[in-house]
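Student: Please read through the structure below; I'll follow up with questions.
The values are calculated or read from the model by the stated rules, or taken from the named source; none is laboratory data. Nothing here was measured: the structure is a model prediction, and the numbers come from that model. Note that we place each Cβ from the backbone using ideal geometry, even for glycine, and neighbour counts take in every protein chain shown.
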Amino acid sequence: MTVFDLAQFATAVHARAQQWEQASIRWQFTIGPEREKSGAWLSCETDDLLGELIVWTTGEAELAIADPTTGTVDQAHHDLTTAEDLDTCLSDLTHRLTQQTRPTSG
């Protein structure tokens, strides 16, 4: 079983704070309680979209971007084993929140 360090997730999130601020992305980071499968999550919002990224110590990550005006949700699953995987996942989140097209149902 992979053990993914949630402190690494926190560090990577805070490293992007200035980029997100410049893109008008508001965010909040939370580390959940210590469990067998602990997790942390990042909640984001722009004027048009809501985003959430949940990462577990198993390396599983779930990304969801929602458009509250249409109710559509775009979801993606990532498996994180390296810092590069996490960076790719956070880049995906940033791209989805800043792209001009809205999520399609799926």
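Student: Hey, does region 16-33 have a residue that's farther than 20 Å from A64 by Cα and either basic (K, R) or in a loop (DSSP other than H, G, I, E, B) (or both)?
Tutor: Within region 16-33, one or more residues are farther than 20 Å from A64 by Cα and either basic (K, R) or in a loop (DSSP other than H, G, I, E, B) (or both).
Student: If I ask for residues that are surrounded by 17 or more Cβ atoms within 10 Å (Cβ to Cβ) and in contact (Cβ under 8 Å) with a residue 24 or more places away in the chain, which ones from region 17-39 would you list?
Tutor: Once the filter is applied, which keeps residues that are surrounded by 17 or more Cβ atoms within 10 Å (Cβ to Cβ) and in contact (Cβ under 8 Å) with a residue 24 or more places away in the chain, region 17-39 yields W20, I25, G39.
Here's the yes/no breakdown for (1) more than 13 Å from the chain's Cα centre (by Cα); (2) among the basic types (K, R); (3) within 11 Å of L93 (Cβ to Cβ); (4) modelled with pLDDT of 95 or more:
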site	(1), (2), (3), (4)
A7	yes, no, no, no
H14	no, no, no, yes
W27	no, no, yes, yes
T30	no, no, no, yes
P33	yes, no, no, no
G39	no, no, no, yes
L42	no, no, yes, yes
D47	yes, no, no, no
G51	no, no, yes, yes
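Residue by residue, here is whether (1) surrounded by 12 or more Cβ atoms within 10 Å (Cβ to Cβ); (2) under 18 Å from Q18 (Cα atoms); (3) in contact (Cβ under 8 Å) with a residue 40 or more places away in the chain; (4) not hydrophobic (A, V, I, L, M, F, W, C) holds:
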position	(1), (2), (3), (4)
W41	yes, no, no, no
T57	yes, no, yes, yes
A66	yes, no, no, no
T69	no, no, no, yes
H77	no, no, no, yes
C89	yes, yes, no, no
L97	yes, yes, yes, no
